[in-house]
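Okay, so here's the structure we're looking at.
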Amino acid sequence: MKRMNSSAKIAELAPQIMGAFHDLGEQHPKGERLSMRQYQALIVLNADDRLTLKQFCEKLSLAPSTGTELANRMIDLGYFYKESESEDRRHALLTVTPKGKALLKQRQLALTKMFDVFLEPFEQNDRQTFVHAFERIWELIEKYHIQPKKNQ
């Protein structure tokens, strides 16, 4: 068997791992009606505390019109707040509302329950190895890639 390069191996394993987690069942709090894109937007904005609309679109790789539509939808749903520091609407800052932060907290609790079920059959040593693997992955991401930046 020929040796795969690192990128190809990750590209092979990542969907399998995501699929294993996806198959665990409901991961969304009851009543949550956000699409994956909306939830991704919530996570991205929360990681940065606040972003201009332009930064928001860039982070999500969205065209300005698509990003504006997404931000406005999240504002209408009560998950984002837009504050203007000037008359120029392009410089308005987006922030996550308390409702958005509460949803993220609910989602984290749902994920915790999901992982409780997932890890239940693991022996203690295997459970520790599994958690350590995730911790190590995050350490490497922080070391070699751009970390989420807090805007000043």
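The values are calculated or read from the model by the stated rules, or taken from the named source; none is laboratory data. These figures come from a predicted structure and were not determined experimentally. Quick reminder, even Gly has a Cβ in these numbers, built from the backbone with ideal geometry, and neighbours come from all protein chains shown.
For the list (1) free of Cβ contacts under 8 Å to residues at least 24 places away in the same chain; (2) in contact with a helix residue (DSSP H, G or I) (Cβ under 7 Å, 6 or more places away or on another chain), I need the number of the one condition that Lys99 fails. Exception for Lys99: condition (2).
Annotation note: of Ser84, Ser35, the sole residue that is within 24 Å of His22 (Cα to Cα), small (Gly, Ala, Ser), surrounded by fewer than 17 Cβ atoms within 10 Å (Cβ to Cβ) and at pLDDT below 95 is Ser35. Of all residues in the stretch 102-124, those satisfying the criterion of being over 20 Å from Leu45 (Cα atoms) and in contact with a helix residue (DSSP H, G or I) (Cβ under 8 Å, 6 or more places away or on another chain) are Met114, Phe118, Leu119, Phe122. Out of all the residues in the stretch 51-75, which are touching a residue at least 24 places away in the same chain (Cβ under 8 Å) and either polar (S, T, N, Q) or surrounded by 17 or more Cβ atoms within 10 Å (Cβ to Cβ) (or both)? Answer for the stretch 51-75, where residues must be touching a residue at least 24 places away in the same chain (Cβ under 8 Å) and either polar (S, T, N, Q) or surrounded by 17 or more Cβ atoms within 10 Å (Cβ to Cβ) (or both): Leu51, Thr52, Leu53, Gln55, Phe56, Leu70, Ala71, Met74.
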